[in-house]
Structures are given as C-alpha cells and as structure tokens.
Amino acid sequence: MADLTLAPVSPLARALTPGDVGAVGPGGPGVVFRDRRDLSLVTIQVRPDKQAAARQALEGAGFALPPVGQAARSGEVSVIWSALDRWIAIAPWAPGELHRTLADPFGGDPRARGVALVDQSSGLFALQVGGPKLDALLAKGTPVDLHALETDRTAATGIDHQPVTLWRIAPQTVLLLVGRAFAQDTLEFLQEMALEYGYRNG
Amino acid sequence: MRIPCPVCGARPSEEFTYRGDARPVRPPMDSSDQGAWVDYLFFRDDERGRIKEQWQHTGGCRAWIVVDRDTATHAVHGSELARDAAEGGQA
Amino acid sequence: MRDLSDTETAPRLTQGGRIDRSRPLTFTFDGRTLTGFAGDTLASALLANGIHLAGRSFKVHRPRGLVGHRENEPNALMRLGTGDRLTPNLPATLVELTDGLVAESQNRWPSLKYDLQAASGLLKPMFPAGFYYKTFMWPAAFWEKLYEPAIRRAAGLGRATTAPDPDRYERGFKHCDLLVVGAGPAGLTAALWAGRAGLHVILADQDSELGGSLLTERSTIDGEPASLWVDRVAGELARLDTVEVMPRTSVFGYYDHNILGAVERLPTAEHGARERYWRIEAGRVTLAAGALERPIPFPDNDRPGIMLASAVRAYLNRWAVRTGTRAVVFANNDDGFSTARDLSQAGIAVTLVDSRADAELPRALTGLEVTLHRGRTIVGSKGRHRVSAVTLDDGTRLPCDLVAVAGGWNPVVNLHSQTGARPRWDSIRDCFVPGQPRQNESSVGACAGRFTTAEAIQDGAHAAVEAIRALGKPVPELDLPVPEDPPAGRGEALWYVGGRDSHTFLDPQHDVTVADVKLAHREGYRSVEHMKRYTTLGMATDQGRFGNVNGMAVMAEARGLSVAEVGTTTFRPPYTPVSVGALAGRKRQRTFMPLRRSPLHDWAADRGAIFAEAGLWQRSRAFPQAGESLREAAFRETTQTRTHVGICDVSTLGKIDIQGPDAPELLNRVYTNGWKRLAVGRARYGLMLREDGHVMDDGTTSCLAEGHYHMTTTTGQAPKVMSHLEWCLQALWPELDVQVQSVTDQWAGLAVAGPNSRALLQRLLPGVDLSNAAFPFMGVGRYALAGGVPLRLFRISFSGELAYEVNVPADYGPALADKLLELGEDLGAIPYGLEALDVMRIEKGHVTAGELDGRTTAADLGMAGLMSSKKDFIGRVLAQRPGMADPSRPRLVGLQCADGDERIRAGSHLLPTGTQTTIDFDEGWVSSATWSPTFGRHIALGFLKNGGERMGEVVRAVDLVRGHDVQVEVVSPHFYDPEGTRQRG
C-alpha cells in the first residue's frame, strides 16, 4: 500500500532561512525572528451571555478565560484574548489534543454551551519576534500604543495593515499571530524594517 | 481620526470600516412593506452635527460598533457595541 | 578708517559660532567645489563662500539672494543630488551640509549669473496678477500651441528625476502624553519639566540641533551664554527614559483628534531609510515653533544682499558668517538695535535706518560705530547681482553690500490653524497669534506672540504643568532659569514702503508685488482667499511664510480696513514640503499592496505556474509545459481534466466556520433558499442577496455535524461575506445562538475533477466507501489521514465533471497535492489552473465574478427558483421592486458563434442584427467568454433582454473598443452536460 503520510510545510519555509541580515553589530542582532509552528492554536469563541459559565468551566479544568486584552498561562496552555468574544488557546501539543482538552470542560459538546472551538493551527501563523529593538520595530508597523502593551497583554491590531494578534510574552518578546496567507508578506515587511538594527532568523 | 472601540480602546480610524448612519431602523422580519425597506436602505438625512454611525473594527477585534460622531467637527462623543445598541434601541 | 586684513573681510569668522572647524566638508554648488564645516547648512556654507546669489525668481527670472535662515526662505531653492537621487526645490536654509553634497541652483538658463530670460526684465509684463485666470480665457488653441510651451520653459521650479527613487522610506507610529513641537527655550523647558515628571514626551525640531533662537541670538541665561544652558538641558533630556528627542523632524500636519504627521530626516546609512514618516498620537501638544521675522517691502527690495535681520544675526552668531562688510539695517522695531550691535561688534560698518521718528540708540550701542537715520525709510536700491547702495526717502544714498531688514515677527500659527482654530490679530503686537484652541493644544513662547526668552521659559513651564496635572501626576516645584533679554520697545506697523509698487516684492519667489495686490483689489478680488489665488501670493514653496502678512496688510489698507478685519488665509498641511517618498513609505511596486499567498503558492511556482492577481491573492493560471503558451496549457489542462483527472488549488475560496444551534436559522436568513432540512453530511448551493435585492455572493455550505456548518464564498467576496455575517449576528440578530469565524487560511482546498477523480481519491482514502450510493453528489465527509491529519471531502463540482473538493490543514496542502499527483500518475492526473477552471465553468454555465457583478438579480441568473417563498431572507422585499422583477431584464444566456469561428469578447454589447450600433439598441452584454476545447468553438455567457425566450436567435456582439462585431447565436448557458449526469455519476 502506498505511503499516505503528509509532511507539513511552514508558510515561511522560504522566507525564514537561518542567518544574520542587516546591520548586526558586535552586540548581536537587534531583532530575532522565530517560527513557532510547534504551537497549536485553537480559538475559543463564546456567546456573550455564556462567557461567565464558560470561564467557570475552564477554570474548573485549570484554564482561564482572561479579560479583554490579557493573556493567562496555565502550565503548557496559554489562553489569550484575541477579538470580540474570542480567545486563542496556545499549547505545544498536536491540534487535535488541544481541541479535545478544551472540549472536555464543556462535557465534550461546547456548542451546546454557547462555545465554538475552531482549530486555527494552520490558519494563524505564530511568529515570535524578540530583541532589544522589538518596540522600535513594531512601531513601524502597528498603530497601537506599545507603552500600554505590557507583558501578558494582547492587542488585536494590524502590522502593515494586516490584521494580527500581538501577545507580549516577555518585555522584549512578542508572539505575533497573523493569517497564514499574509505570513510571508508580514515577515518580509518586518525583516525590511529590521535591517537597520540587524536581525537573525532563528 | 481616532475612534474609541468599546473593546480595544482608541484606535486610528484606518483600523475601522464604515457602514453608515446607524439611525434608520431595519423593518422587522417578515415585513413586506416595500416603502419601509426603501426608507431604511436609501434615505439619509446627511445631517451636520452629531449623528450615530456604524463602523466595524475590521483591523482589530471585529466588533460592529455605533459611534456618536459630529460630522462637522469630527469630535467623537462615545461609542458602544452594535449589539448593545440593538438591545437598547431598535428592537 | 583703517584698511582691513583678509581675515577681517573674509565672510567666515575665525572663531565663534556652532560650527566644528575641525571637520571641514566639501560640497559642490553649480559645479564649483566649495568647503564648509560640520554644523553648517547649505545656506550658511554658501554665504561663508561669499555666495549670495542663489536663484532666479519663478516668473521674471530676476537674480535673487538668500534672505532668511529658516523655512521662510523664498529664494534659495536648490536641487540636490545626482543621478536617480535628485530632489528639487529644497530651501538651502533647511539642508544640513554633508560631505560630498551636490547642489544646483534652479530656474536659470544658461547660468545663474547670466540668465537670458531675465534680459531687461522682459517677462514681467507677461505676468500681472490674475495672469493664469486671464490667460485661460484666451482661445484654447492659442493656449496649447503658443503660450503654455513658452511659459513652461520660462517658468517652473526645479526638475525632478524620472527614474525610480533608489532610496528606502519608512512609516511608523508614535504615542506620547505630550508632543512638543520646537526645541527653543519654550519647547526645551516644556519637555524638560514634563519629562522630569515621568510623562512620555516627544520633543521634535526640524533643526539638527536643539536650541532654536538661543542658537542664533547672543542671549544669556543665568548669566551664562544661552548655548551652555541648551547643552545642559539637551544632556538631561537624553538621560530621561520617557523623553524622546527627535531632531531633524518636521511636524508638518495637525489632524483630527491630536494626530500629527512628522517627517524625520535620517542620516544616510547603509541599511537605513532616508526619511521616515511618523504618525504621532499625542495626549497634548505644545506648539513651540517660534516666530518668523517679516520683511518691510520697499522698492527694489529683491536684490541679493537684502536679507532679514534675524537671518543676518543667525549667520553671524550661529554659523560665524559675515553676510556683508558694509551694512544698512532697516527696522521698524528694536530688533534693529540688536542687529546693529551684533554686526558692529563683528567689525562691520553699520548704518541704522529706523522708521520710528522717536527711535533712540540704546545704551548697548554706545561706543559702537553706528549711524542712525531715524524716521526714515528705504525707497530704492542699486546693484546688479548684489546690492551696492540704497536710497532713503530724504534722498540720502548709502553705499552698502548688505541690508538687514527687521519688520517685526509672525508667530508660527500654522499648526494651530490646521486644527481648525482661527488665529486672531493682536493689534498691540501687530501679528496673528493663536486663537481659541480646537484640540488639546497650546502655543507657547514666540509661537504665541510672547517674544522674549523669559516669556518663552515661563510658557514652557506652564505647558508642562498643565500636561502633568491633566494626567493627575504630582507637579514638581519649578525652579526656572533667568534669562536676560534686551529691552524690547514697541515697534510700529510698517507693512511696506510706498513708491514704485510694481518693484516692491511681497513674494519674491512668485514675483508678487504690492502693485499686484492693489490690482487684485481694483479688479474685485478682495477677500484674502480670492486675493491669494488671483495673485498667487503665498502659493510658492514658502507658502507665504515670507510676505503673506504684509500682503494682507496691503489689502487691508486698500480696503480701508484693519488687518484683523481682513483676516488671514487658512493654513493646510504640510507646513513644510514633504517628499512623496516619505508619504508612500514602502507602498510602491511589489510592496504597494500586501500579497496573499495560497498554501500552494510555492508548490505551484515550483511547477512553473503562471500567476494572476485576484484581489490580494496570486492564483496560478496554468502550468505550461515546455514550449506551451498559456492558452495551449489551459486548453490541454481542460481536456485532460475532462478525460482523466485534474487537481486545482481552490484554497483562496472564502471559508467560514459556523457553529451553534441557530445556524440553520442564520443560513435561512442570509441565503435565498431553504436550509432547515440540510442533513449532516450534505452540502447545498446557496445564493446570498444584499439588502437591496441584488446578488451579493454564492457558494456551497455543508453540514459537518449537528449545529456545525462550513460555508464557502467566492474568493473576491470572502471578506465582505464575513463582515456581513458578523453584522447580522452582532447588530441585527444578537439573539441567534450562532458563532462564525473565517477559516479561509486554515484549510488548503484542492478541487479534484474528472472521470478518474473517484478512483484517485479512493487511493488516498482506501478505507472509505466512495461509491455513488455511499458518497453521492453534494455529499460531505470528514476523515483522518495517517498521523491524524484531518481531511474534509466535499462532492461538489464546478467543472461539470465528477468532482470533489478536498480540504486539509493548510500546512499539509503542498504534500496533499504532491500525493494526489503521485497516486494518480497512471490515472492521468495533472494540475490545472484558473484558466482551465474558467473554461470548464463557462462550458458548464456556472456563474462567477463576471456574472455576480453586483447588478444582477437571482432571476437574471436564471435562479429565480432559489428565491424561497416560504421564509424571509435578506433582500427578499427589495428584490421584488418593479425594476428588479421586470421580466424583460437581461437574462443569463449562452452565446456561440453563429457561423465560422470568430472570437467573442467579454465586455461586448449585445445588439439585434440590422440596427445601428448605438446605445438605443443595446440589449445586454457578454460577461465571460472563451474558446471551448471541448466543443471546438468560441462560447460565451452573457445577459440578454428577454434572454430566456430568444433561444436560437442570432444577435451581434459588438466591442467598439477593440473593433469587434460578431454574429452570435443565443443558446442555453449550460453547454456541457446539461442534465448533469457526469457530476452526479
């Protein structure tokens, strides 16, 4: 019988080739880009009148449904706010496993509880951007006030006019979620803007 | 212009998509009154001054919102989610 | 008087100023190699080389010299750079001198000194006020053939390059609690105290150095030279974390809601951009942009060597340049005294002409060799390329090579005015000052008409305190420095010196004179806005910063009104010129628009695909083999798919995940047809209308599970449909328990079409029963491939063949496509592109963007049967309007060549045979057309009046643009397998 396994391909397979580019000084690159396709992403969308109950159910299972603009971490699973009535659960697991784990607190039938779970592990691309020049770089693309985007805050906004979710995971690191079809374009934009600081694809 | 998204806070208007005047009320379901539909869809007062407008935060949280804006000065006096406005207003 | 040595007469002083004599810089001007120093502007370096003559005027080509040192310089416009890097029309006063800079003067031929067009001032009579308006009224042919070419040669400013700009530009966003525009004493003080209180402060100044007027005047603060205070404050600001100092940054626009536009000029760096456009959102704005000195226009006031007094002092004090050796200072206020003092101390002989009859030399000037002519004005000047003498109204003739004119000050109210606020006339200080603010801003210091350094520092501190208080932060105890200002007595209003008005220039760049303004008045153009457009006063690149207020005063006098009553023109962005490159940023050529890539983009590129733009997407059109044209490839792909099997990337179709118990109700409301009885595992075609009853979009929606649906949309309408559903759920029917989310990017989609498609998919899914009975047309299934990769299978057909659509998570798309080609090699599997897809759907009579053009109704498309009468749906009522329901509307028809094999072109109009080719006989149009490899002839889809009743009739398809007129036969749009046995088989 034929081998029927399929190998996944990153949307940045050709744009994120390892190496240093631009004005990298002795102090190292100003910005580092990392493909975080090791993370699975499942959106949790909850009807407004069911959010309190959903929060309770998730908390019972050790997860959280954080307020607007915030992220909450519990073990390997982080749940970040991403849009109106919508959160994204992020974990270094297989998508199906994350999906099942999130469905469990809703008795395996989230739809009956006003909750929609949707796997977006391929639909959203997770790009990690870090380095001392992170904020200077982001300011060239996003209109949000980066002073207010503190660690574990999230924002639904745009980079170079493409819709993105920004999650600051550390003072000098963000996880940027962008629609897969725009991933390469967004990366190329950020790479060009990072030339003056020097960047590393890693 | 900065538009205060009730969810995300103030953002530049470039993140939003404009729909139009929020005041015309959609005829109820199953209404077949053609005149009412024509009024709802096509007739606008185009006023100078404060009006309510529908915008969607397409470059952000995707919420449909109703913005209280002055067409003469561009001053924005507030905003709310369209679904809240629907509950309070037209239903 | 003793003879002076060379050092004493050379323009550049041997000491003093803020230039760095240890860093000489070489530059060229009109081909001459010259030297300046770090810290120079192009203007100061030219003057240091003894060059005053810097340009020719716009209309009459009179020789013009440098008059200012800031953004009000009207004359010294330069073209900078070489090759592709050419920037025209830059005022030399705003250009920082760099090593190797190449500058050229403009608007002269053949050379600056010998401009032939200036001979005897030939041109002036050609250009009176209102010239453009009057000229446009001449016969058009006259204008085009004779005058315009002549004027274009004679007039006009610098020429830009036509080559693409090789430099990079960037855009960005900044946010701050307080934006301070201008880094003079007021701005520095505001930024310092706000910064000390922890506010996020941006301090922007167009200059390369902080300090503003403190750099150009001999003032002291706390008993020390002011420049020491500037250096100390700059040092502290650099150390404050929350303060961002932005030199070389021009804040040029003030927009709604305290959003400001600024351009930052960046030092050339290998990886950097040349300019960066910043969009600044500021909680508060402090406008500390200072004031610009204005002239006292007098007859023949446009000769090189006649300058503004503030510029003469600035060149002397900041750049250590003597702009002359024998000076006449002409003033209507006390600035004449400080100018005389500074010049005299630099060893320049000074005669002071003060228009005030009661002027008295202050004590500061005692002991200096300054002659005073009080109560006098200048009424004329002499000199060819440089002023050589002036004549006073009492007939006195004063030889000189420099005239420094001090006519008072105009606060820079431009940004304030851009907010929509109205500057008001201050009749005590004789200038426009800021009026009632319309936004969260205040003007301070000279920018508010408070001209002393002491007032500037007080105002700056006050602005900081206001900003600190507004944020509820503790206000620090202020400890303000004490400046010493020269005593400033009141000046008198002197707007121009009468006499020869046609030689008294208000706007030297556009050659607008006092006579022009008076002519405008006589001809009825009396409002300042009319006068401006009629005379072009203030429409040059300096935007009236030089002489506008004087011009308004001339008009006020002519009308017998005060300047306050005449008012000022409206200021609009940009305050200073902004390069288009900076505004465009990265948005040009390939990066003009973002590019959406299908998960199979690289896969297709590797297989030689030719791409086409579809909105932001790039879609593969065809996969030509060696030696094949695009058309040949498309027709081969069509035939191979119809006889064997083809796979096509359809990932770009919109996909929307719909979940919730009320999902069928939502579908029922947004689609025209019924959805309540769609079973799990089944798909259905749906038609969506706008509220106005026209077709918005179509697609299939599948029921994946109880309360879980998968909607597809056309590629182009996907974002619109998504917003539409969100609108329905958030604004119209929030009570519906449904959630929607775009999953377009999550799933790679492959159409697998052709008679061998079932056999091919059976090999991919060996354990699944794909027989027609088990998996019929419009069936839907969900499976898992090896490793748990989910796969969705839809038995839908766009081609009319037995066909499926396969979805896998996008990351697996390329591997799936490879696998299908590999598994199907012996079945004849090939990839096909958009062109073959289009050919096949036209053959089948399926509609797409060409037919769903936003003007067609369901009935027009032959889908009236999909309009349910049993339920309400969006667009139902307005689709029944008489004009929409008219049975004679153009209806979808098929068209084929009546005889022969002539091409039918999409976009052609349909007309009956035997009529004139006029719009009166227009009966419809061709929406899509192709050559059909299946039928071996040209076919098309189109809309024809009463189309359904005209089968077999021959009409004309006329394309006047491309010169086509073919006879076509009206047929059913379903050319291929009209019974649908293939797709259902």
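Table for the structure above
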item	result
Near pairs, Cβ below 6 angstrom, 6+ apart or cross-chain, from region B:10-29 (away from chain A (no Cβ under 11 Å)) to any residue that is surrounded by fewer than 17 Cβ atoms within 10 Å (Cβ to Cβ) and of a type outside the set (A, V, I, L, M, F, W, C)	B:Asp21/B:Arg44; B:Val25/B:Gln90; B:Met29/C:Asp872
C:Tyr812 being within 14 Å of chain A (Cβ to nearest Cβ) and among the hydroxyl-bearing types (Ser, Thr, Tyr)	yes
Hits in region C:712-769 - residues which are farther than 19 Å from B:Gly20 by Cβ, among the charged types (D, E, K, R) and more than 12 Å from chain A (Cβ to nearest Cβ)	C:Arg758, C:Asp769
Those residues of region A:142-164 which are among the small types (Gly, Ala, Ser) and either touching a helix residue (DSSP H, G or I) at 6+ places or on another chain (Cβ under 7 Å) or within 12 Å of chain C (Cβ to nearest Cβ) (or both), in sequence order	A:Ala148, A:Gly158
Every residue from region C:785-839 that is among the hydroxyl-bearing types (Ser, Thr, Tyr) and under 41 Å from the mean Cα position of the chain (by Cα)	C:Tyr812, C:Tyr832
So B:Gly35, is it over 11 Å from the mean Cα position of the chain (by Cα), loosely packed, with under 14 Cβ neighbours inside 10 Å, at pLDDT 95 or above and not in a strand (DSSP E or B)	yes
Number of the exception - C:Leu199 against (1) in contact with a Ser or Thr (Cβ under 9 Å, 6 or more places away or on another chain); (2) under 22 Å from C:Ala92 (Cβ atoms); (3) assigned to a loop (DSSP other than H, G, I, E, B); (4) aliphatic (A, V, I, L, M)	(2)
Single residue of C:Val328, C:Val350 found to be surrounded by 24 or more Cβ atoms within 10 Å (Cβ to Cβ), out of contact with any helix residue (DSSP H, G or I) (no Cβ under 9 Å at 6 or more places or on another chain) and under 23 Å from C:Gly367 (Cβ atoms)	C:Val328
Filtered residues of region B:41-54 (kept if hydrophobic (A, V, I, L, M, F, W, C) and within 11 Å of chain C (Cβ to nearest Cβ))	B:Leu41, B:Phe42
Those residues of region A:99-135 which are within 20 Å of the chain's Cα centre (by Cα) and facing chain C (nearest Cβ under 8 Å), in sequence order	A:Ala116, A:Val118, A:Asp119, A:Gln120, A:Ser121, A:Ser122, A:Gly123, A:Leu124
Set C:Ala940, C:Ala957: member being touching a helix residue (DSSP H, G or I) at 6+ places or on another chain (Cβ under 8 Å) and crowded, with 18+ Cβ neighbours inside 10 Å	C:Ala940
Qualifying position, being more than 17 Å from C:Arg322 (Cα to Cα) and in contact (Cβ under 8 Å) with a residue 60 or more places away in the chain, among C:Val95, C:Val102, C:Val67	C:Val102
Among (1) touching a strand residue (DSSP E or B) at 6+ places or on another chain (Cβ under 8 Å); (2) crowded, with 24+ Cβ neighbours inside 10 Å; (3) in a loop (DSSP other than H, G, I, E, B), the one test that C:Ile51 misses	(2)
Checklist (1) part of a strand (DSSP E or B); (2) surrounded by 24 or more Cβ atoms within 10 Å (Cβ to Cβ); (3) over 41 Å from the mean Cα position of the chain (by Cα) applied to C:Leu667, failing item	(1)
Tally, over region C:411-460, of residues that are in a strand (DSSP E or B) and either in the same structural domain as C:Gly567 (by TED's automatic domain parsing) or in contact with a Gly (Cβ under 7 Å, 6 or more places away or on another chain) (or both)	5
Within region C:797-825, tally of residues that are surrounded by fewer than 21 Cβ atoms within 10 Å (Cβ to Cβ), in contact (Cβ under 8 Å) with a residue 12 or more places away in the chain, under 25 Å from C:Arg597 (Cβ atoms) and among the aliphatic types (A, V, I, L, M)	1
Strands (runs of 3 or more DSSP E) lying entirely in region A:124-201 (those with 3 or more residues that are farther than 19 Å from B:Cys61 by Cα)	A:124-130, A:199-201
Selection from region C:883-908 of residues that are in a helix (DSSP H, G or I) and hydrophobic (A, V, I, L, M, F, W, C)	C:Met884, C:Ala885
Cross-chain or 6+ apart pairs with Cβ under 6 Å, region A:174-186 first and more than 8 Å from every other protein chain (Cβ to nearest Cβ) and touching a residue at least 24 places away in the same chain (Cβ under 8 Å), then in a helix (DSSP H, G or I) and not β-branched (Val, Ile, Thr)	none
Any strands (runs of 3 or more DSSP E) falling wholly within region A:1-72 and containing at least 3 residues that are away from chain C (no Cβ under 12 Å)	A:31-35
Residue list for region C:262-293, restricted to those being in a strand (DSSP E or B) and acidic (Asp, Glu)	C:Glu264, C:Glu275, C:Glu281, C:Glu293
2 or more residues within 39 Å of the chain's Cα centre (by Cα) and modelled with pLDDT under 95: qualifying helices (runs of 4 or more DSSP H) within region C:577-652	C:580-584
Criterion violated by A:Gly96 - all others in (1) in contact (Cβ under 8 Å) with a residue 60 or more places away in the chain; (2) of a type outside the set (A, V, I, L, M); (3) facing chain C (nearest Cβ under 10 Å) satisfied	(1)
Criterion (in contact (Cβ under 8 Å) with a residue 60 or more places away in the chain, among the β-branched types (Val, Ile, Thr), on the phi < 0 side of the Ramachandran plot and at the interface with chain C (Cβ under 8 Å from one of its Cβ atoms)) met by exactly one of B:Val76, B:Val38, B:Val67	B:Val76
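Let's see how each residue does on (1) buried (at least 19 other Cβ atoms within 10 Å of the Cβ); (2) not in a loop (DSSP other than H, G, I, E, B):
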{"residue": "C:Leu944", "(1), (2)": "yes, yes"}
{"residue": "C:Arg962", "(1), (2)": "no, no"}
{"residue": "C:Gln967", "(1), (2)": "no, yes"}
{"residue": "C:Val970", "(1), (2)": "yes, yes"}
{"residue": "C:Glu979", "(1), (2)": "no, no"}
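Listed here are the residues, each with its yes/no results for (1) surrounded by 21 or more Cβ atoms within 10 Å (Cβ to Cβ); (2) among the aliphatic types (A, V, I, L, M).
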site	(1), (2)
A:Pro132	no, no
A:Pro143	yes, no
A:Pro171	no, no
A:Leu176	yes, yes
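Residues are listed down the side, and each one gets a yes or a no for (1) out of contact with any helix residue (DSSP H, G or I) (no Cβ under 7 Å at 6 or more places or on another chain); (2) within 14 Å of chain B (Cβ to nearest Cβ); (3) buried (at least 18 other Cβ atoms within 10 Å of the Cβ):
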{"site": "C:Ile221", "(1), (2), (3)": "no, no, yes"}
{"site": "C:Ala226", "(1), (2), (3)": "no, no, yes"}
{"site": "C:Val233", "(1), (2), (3)": "no, no, yes"}
{"site": "C:Arg239", "(1), (2), (3)": "yes, no, no"}
{"site": "C:Phe252", "(1), (2), (3)": "yes, no, yes"}
{"site": "C:Asp256", "(1), (2), (3)": "yes, yes, no"}
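The values are calculated or read from the model by the stated rules, or taken from the named source; none is laboratory data. Remember, predicted model here, so these are calculated numbers, not experimental data. Using ideal geometry, Cβ is built from the backbone for each residue, glycine included, and neighbour counts are taken over all protein chains shown.
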